[in-house]
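Structure, as structure tokens:
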Amino acid sequence: MSTQISARMQKSIDTFKQHLASLRTNRANSDMLNGIAADYYGSQTSLKQLASISVPESMVIQLNVFDAGAVKSIEKAIQLAQLGFNPQIDGNVIRIRLPELTEERRKELVKVVKKYAEEARISIRNIRREEIDHTKAKEKNKEINEDESKKIQATIQKITDENIAAIDKMSDSKEKDILTI
């Protein structure tokens with residue numbers, strides 16, 4: 001049972017990691033473009049399906065677009081994402097040079113990290129609440145006794161505390177990374 005709870009909580013942590021990877025720090029990262037989809041012949045298609053994404057320099061993201069007809073659509077999608085990127089087109093290649101982070105932008109990014117961390121913590125706590133309610137229902141229905149119920153609840157709380165500590169550690173690390181000039 002505890003492995004099942006851990007697996008559910010791990011999904012919340014994985015989602016949190018994906019959110020953190022998409023946030024910008026002092027270096028370019030292809031994950032910054034995750035979640036951006038461009039209109040490709042009438043359907044929204046992720047950039048990873050339309051181009052190979054690489055990071056040739058620390059402050060440059062490069063997209064080698066597979067279909068020349070998609071270049072303008074990809075450029076428009078990047079601009080609409082409001083990430084502060086200004087894509088430059090050179091044939092089938094789109095280059096995005098990351099601007100320097102201002103102090104104000106760094107503080108905004110830290111707020112976003114805190115928001116993502118809180119969402120992850122809430123998700124973990126919701127899983128804990130559901131599992132404890134489930135355990136209490138089993139006790140009420142006489143499927144388990146009170147001692148077993150308390151033992152299970154303590155295990156659930158221990159797993160919850162470990163996962164929330166992991167989220168806090170990742171959040172602190174990302175905040176330091178963003179605030180480092």
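Per-residue answers, yes or no, for (1) among the basic types (K, R); (2) out of contact with any Phe, Trp or Tyr (no Cβ under 9 Å at 6 or more places or on another chain); (3) under 23 Å from S173 (Cα atoms):
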| residue | (1), (2), (3) |
| --- | --- |
| I36 | no, yes, no |
| S46 | no, yes, no |
| V55 | no, yes, yes |
| K72 | yes, yes, no |
| E100 | no, yes, yes |
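For D90, are the conditions met, namely being over 30 Å from D67 (Cβ atoms) and either modelled with pLDDT of 90 or more or assigned by TED's automatic domain parsing to the domain that holds V60 (or both)?
On the way: over 30 Å from D67 (Cβ atoms): no; either modelled with pLDDT of 90 or more or assigned by TED's automatic domain parsing to the domain that holds V60 (or both): yes.
It is false that D90 is over 30 Å from D67 (Cβ atoms) and either modelled with pLDDT of 90 or more or assigned by TED's automatic domain parsing to the domain that holds V60 (or both).
Residues of the stretch 24-63 that are surrounded by fewer than 18 Cβ atoms within 10 Å (Cβ to Cβ) and within 16 Å of P99 (Cα to Cα): N26, R27, N29, S30, V55, P56, E57, S58, M59, V60. When the stretch 16-40 is limited to residues that are of a type in the set (G, A, S) and in a loop (DSSP other than H, G, I, E, B), the one that is farthest from D67 (Cα to Cα) turns out to be A28. Taking first residues from the stretch 167-181 that are closer than 11 Å to F16 by Cβ and partners that are among the aromatic types (F, W, Y) and surrounded by 12 or more Cβ atoms within 10 Å (Cβ to Cβ), the Cβ contacts under 7 Å between residues at least 6 apart in sequence or on separate chains come to I167/F16; M170/F16. Filtering the stretch 130-157 to residues that are exposed (fewer than 11 other Cβ atoms within 10 Å of the Cβ) and either closer than 30 Å to K114 by Cβ or in contact with a strand residue (DSSP E or B) (Cβ under 9 Å, 6 or more places away or on another chain) (or both) leaves D133, A154.
Can you pull out the helices (runs of 4 or more DSSP H) entirely within the stretch 41-145 that have at least 1 residues that are farther than 27 Å from I178 by Cα, touching an Asp or Glu at 6+ places or on another chain (Cβ under 6 Å) and touching a residue at least 12 places away in the same chain (Cβ under 8 Å)? Lay out the reasoning, then the answer.
Values: elements: 47-50, 71-80, 103-140.
By residue number, 71-80.
The values are calculated or read from the model by the stated rules, or taken from the named source; none is laboratory data. Keep in mind the model is a prediction, meaning the values are calculated, not measured. For neighbour counting, all protein chains shown are included, and Cβ atoms are generated from backbone atoms with ideal geometry for every residue, glycine included.
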